[in-house]
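**Student:** For reference, the structure I am asking about is given below.
No value in this document is a laboratory result; all are computed from the given coordinates. Only a predicted model underlies this, so the values are computations on that prediction, with no experimental measurement involved. Glycine gets a Cβ as well: all are built from the backbone with ideal geometry, and neighbour counts include every protein chain shown.
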Amino acid sequence: MPVSITMKDGGVIMAFTHFNEDGRARMVDISAKSETERVARAESTIRMQPETLKAILEGQVSKGDVLAVAQVAGIMACKRTADVIPMCHPIALTGVDIQFANNGKDQLRIEAEVRTKGRTGVEMEALMAVSAAALTVYDMCKALEKGMVIEQTRLLSKTGGVHGEYHRE
């Protein structure tokens, strides 16, 4: 039984699904939900000096291949989302893909697509993937530039499940 906020007339404004009847945190029981194909896409952008971006793209960063390491970090983090975000369920992922693009000036865009066939969505896993990849880029390039800015980490789309589809405008 989730905790609810009720109005004076008894109407329910909102039910909080991650709290039990004592108001304590709980993981939602998803056992009654049906398995569906679920896909989520997320992105994050890192703004930096053009020289830093050029060094990344040309493989001139002393720590090594920044994009290869960031890609692996994003995949690894995605698989460990439930270890970091308290109410996330461990999910058997069926696919994770991370892509990088640049605007030719001062931004590196990271996009992740995460897939599963299960009872809960993979939005948090996609967000975790791009976040970890962006942090890895920062870590590997901080000797070149400490002023990089990680921004616009956001969900782009999700499909599957009872809440239907979502596509960012």
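**Student:** Mind sorting Thr120, Thr153 by how few other Cβ atoms lie within 10 Å of their own Cβ, fewest first?
**Tutor:** Ranking Thr120, Thr153 by Cβ neighbours within 10 Å, fewest first, gives Thr153, Thr120.
**Student:** Hey, how many Å between the Cα centroid of region 32-49 and the Cα centroid of region 55-105?
**Tutor:** Answer, in whole Å: 12.
**Student:** For Lys158, give me every one of the aspartates and glutamates with a C-alpha distance below 12 angstrom, ignoring sequence neighbours fewer than eight places off in its own chain.
**Tutor:** Partners within reach: Glu37, Glu113, Glu123, Glu125.
**Student:** Per q in 0.13, 0.15, 0.19 Å⁻¹, report the Debye log10 I(q)/I(0) for the chain, using one uniform scatterer on each alpha carbon and no solvent.
**Tutor:** Per q value, in the given order, log10 I(q)/I(0) is -0.71, -0.86, -1.13.
**Student:** To continue, here is another question. Counting other Cβ atoms within 10 Å, keep those with at most 10, restrict to DSSP loop, and tell me which trypsin sites (Lys or Arg not before Pro) in region 106-169 are left. The partial results should precede the final answer.
**Tutor:** Details: sites: Arg109, Arg115, Lys117, Arg119, Lys142, Lys146, Arg154, Lys158, Arg168; in loops: Arg119, Lys142, Lys146, Arg168.
Passing sites in region 106-169 are Lys146.
**Student:** Please state the relative contact order of the chain as a whole percent: Cα pairs under 8 Å, 6+ residues apart?
**Tutor:** 31 percent.
**Student:** Which aspartates and glutamates does Lys146 reach when only Cα atoms under 17 Å apart count, and residues fewer than 8 places away in its own chain are ignored?
**Tutor:** Excluding near neighbours in sequence, the set is Glu51, Asp106.
**Student:** Name the residue, out of Asp22, Asp65, Asp97, whose mean-square fluctuation peaks in a Gaussian network model built on the chain with Cα pairs under 10 Å.
**Tutor:** Result for the chain, Cα springs under 10 Å: Asp22 fluctuates most.
**Student:** Quick check: net charge around Gln99, other residues with Cβ under 13 Å of its Cβ, Lys/Arg +1 and Asp/Glu -1?
**Tutor:** Net charge in that neighbourhood comes out at -2.
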